[in-house]
1. Going by the conditions given, is A:THR272 buried (at least 23 other Cβ atoms within 10 Å of the Cβ) and either within 11 Å of another protein chain (Cβ to nearest Cβ) or not basic (Lys, Arg) (or both)?
2. Mind telling me which of the residues B:ALA78, B:ALA24, B:ALA63, B:ALA13 ends up being on the phi < 0 side of the Ramachandran plot, open to solvent by 70 Å² or more (accessible area, probe 1.4 Å), more than 8 Å from chain A (Cβ to nearest Cβ) and not β-branched (Val, Ile, Thr)?
3. Going by the conditions given, is A:PHE26 among the hydrophobic types (A, V, I, L, M, F, W, C) and at pLDDT below 85?
4. Residues in segment A:106-123: is at least one within 16 Å of the chain's Cα centre (by Cα) and without any contact (Cβ under 8 Å) to a residue 40 or more places away in the chain?
5. So which residues in segment A:36-66 are at the interface with another protein chain (Cβ under 9 Å from one of its Cβ atoms), over 23 Å from the mean Cα position of the chain (by Cα) and either of a type in the set (Phe, Trp, Tyr) or not in a helix (DSSP H, G or I) (or both)?
6. Quick one: would you say B:ALA226 is open to solvent by less than 10 Å² (accessible area, probe 1.4 Å), away from chain A (no Cβ under 11 Å) and either within 15 Å of B:TYR263 (Cβ to Cβ) or assigned to a helix (DSSP H, G or I) (or both)?
7. Which residue out of B:LYS98, B:LYS46 is closer than 30 Å to A:PHE38 by Cβ, within 14 Å of chain A (Cβ to nearest Cβ) and open to solvent by 20 Å² or more (accessible area, probe 1.4 Å)?
8. Say we look at segment B:260-275 and pick out the residues that are more than 9 Å from chain A (Cβ to nearest Cβ) and more than 23 Å from A:THR250 (Cβ to Cβ); which of these is surrounded by the fewest Cβ atoms within 10 Å (Cβ to Cβ)?
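The values are calculated or read from the model by the stated rules, or taken from the named source; none is laboratory data. Since the model is a prediction, treat every value here as computed from it, not as a measurement. Heads up, the Cβs are rebuilt from the backbone with ideal geometry, glycines too, and the neighbour counts pull from every protein chain shown. In case anyone asks, the SASA skips ligands and DNA or RNA and just uses the protein heavy atoms, side chains included. Shrake-Rupley method; radii C 1.70, N 1.55, O 1.52, S 1.80 Å.
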Amino acid sequence: MEPGAPATINQSRDAPVASTGPWEGFTRFLGRRDVLPFLLLAPVLIFFIVWNLIPTLWLLGLGFYRFSLTSGRPPRFAGLYNYRSILNDSGVWIDLSRTFLFVFFAVVTETLLGMALGLLFWNSHRLPGRRIALTMLFSPMVLTPVAAGTFWRLIYDPTFGVLNSAIRGLGFSSVDFLGDGRVAFAAVLGVDVWMWTPFMVLMTLAALASVPKAELEAAEIDRLAWHQRLRLIVLHHGKFILMLGILLRTIDAFKTMDLIYDMTYGGPGSATQLVAMTLYRRAFEAFNMGWSSALAVILLLISIAFTATFIFVLHWRERREAES
Amino acid sequence: MRPTSWREHAYHALLWLVALIFFAPIFWIVLSSFKTADQILAVPPKLIFTPTIANYTKLFSSASFPHQLFNSVVLSVAAVLIAVAVSFLAAFSFSRFKPPGTNFLMFLLLSIRMLPGSAAILPVYLMYVGFGWKDTYAGMILFYAMFSIPFSVWILKGFIDGVSPRFDETGIVNGASWLRIITRTILPQVMPGVIAASIFNFIFVWNEFLFNYIIGGISTSNIPVALASGLYSNGGVDWTFISALTSVYIVPPILVVYFFQRYLLVGMTFGTVRGEV
């Protein structure tokens, strides 16, 4: 805000008003520059304190206690016991690495496929029924994940599933996608790719829309090869949008839980057990709250790292745009 | 305009093919909802059959469905209204007055939203059990509102930043109160942001399962919880129930995507990316 602005504002407010009852004085108090900002923030701050700050502090504290809802004993202070127990629990480490593997494969596949399809849809403005086609393309994103997970179980079913019918039709023997530990991970990954590739298509289309037309026309005149156009013009202008998309997808894939809940419940064995599911089982099946709180704190730190990276890219983009 | 060449026809056919491939599983769900239980499990799968609406009549006459659908609507609409209203005020404050700690608070708000659901809900569950807020409408709505606030604040702050402070100054000089400036001058100009925040959070709460399952209960459970828990009847999965329920439930989000397509990008990137697609 310009330095000159507040002076005029104060002047106009300090000017005598026709009627000055107690109500008038109260509203003027609420409108003061040192009161109003916090008044406007108050509802969000209350939400933040009651539903975020207090629970998070509770979580931090509980991580230092041995506390199980099933034992009926009050929480006992145990220092770093829970954290040490997590560090020594190979199961957690395996679940965590499986989650990162899932995130990696999901994000790479969705990004590459999404970019390819985004480029394909680049010149689609004359497509008849474009809006309906895009709605159909984006529809997997808005399907309830639980419903998606459930129904894909039927599609993947070894006997009744439509996918295995096709496989048998091609002369191969049917595959137990979700029952076989070797393929279940890939099968779940496949559903995630189906649901979230459209998101990367959306981001790619946004990135392509941000490319200046003049530069593309110049490239046309200069007869640049398509890979040069892609690298020098499209990626140059669209890289930040794509990076933000990749980061959002990374964060979201890390959170995957609803999809798995009904499709495999982490099974068979622990073949599709991602860390959000591990935490769910320890907290709401075993009711081991102290241990689960410690794990939740570790996940919170990972989420903060993701968010910090996201904000960093956001600021980087702002600086670049300010420069150019 | 140049005439449509055969190449362009082929290109358009390819685009439609891609769209149809992504839509196919959902089409299969809807198709299954018009089949009998035996037809759903027929080997090989039936594409041509006599459709039946028995699944839908069964669904709508069931005891729990209307109540759960009502819960889904109430929770998502109430939570989004509250969240967008308070977020708008906060976003205005962040954008115009930049109170100390603005950046830090914006960061904290976002990082909560980035936490896996089971970690976010764990302390809230203990709190709700302790306070007796579990399975209450107020408890559920306020929790969902809290979860919708971060993205709403981010979206709306971006839009309010785009409205020149000159508008506020003009209003003040003319003797308008802040309330009047916020509601009459700023709000109409950031309507696209309000719509984007509303539809994104609506879709989120509409589809949300885990939080409802853990801090909800019989009286506040929504359709996703019904889908997950009402699966088994007589030892097998009740696919007629699931397909009919899913087909009904996906209609509002799909209509939102169709009618508010240009707000989808802003909503899904909480305002950090804008543009036409």
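1. yes
2. Result of the check over B:ALA78, B:ALA24, B:ALA63, B:ALA13: B:ALA63.
3. Yes, satisfied.
4. Yes, segment A:106-123 contains at least one residue that is within 16 Å of the chain's Cα centre (by Cα) and without any contact (Cβ under 8 Å) to a residue 40 or more places away in the chain.
5. Matches in segment A:36-66: A:PHE38, A:TRP58.
6. Values: open to solvent by less than 10 Å² (accessible area, probe 1.4 Å): yes; away from chain A (no Cβ under 11 Å): no; either within 15 Å of B:TYR263 (Cβ to Cβ) or assigned to a helix (DSSP H, G or I) (or both): yes.
Taking the combined requirement at face value, the residue does not satisfy it.
7. Numbers: B:LYS46 fails: closer than 30 Å to A:PHE38 by Cβ.
From the options B:LYS98, B:LYS46, the qualifying one is B:LYS98.
8. The residue in question is B:ARG262.
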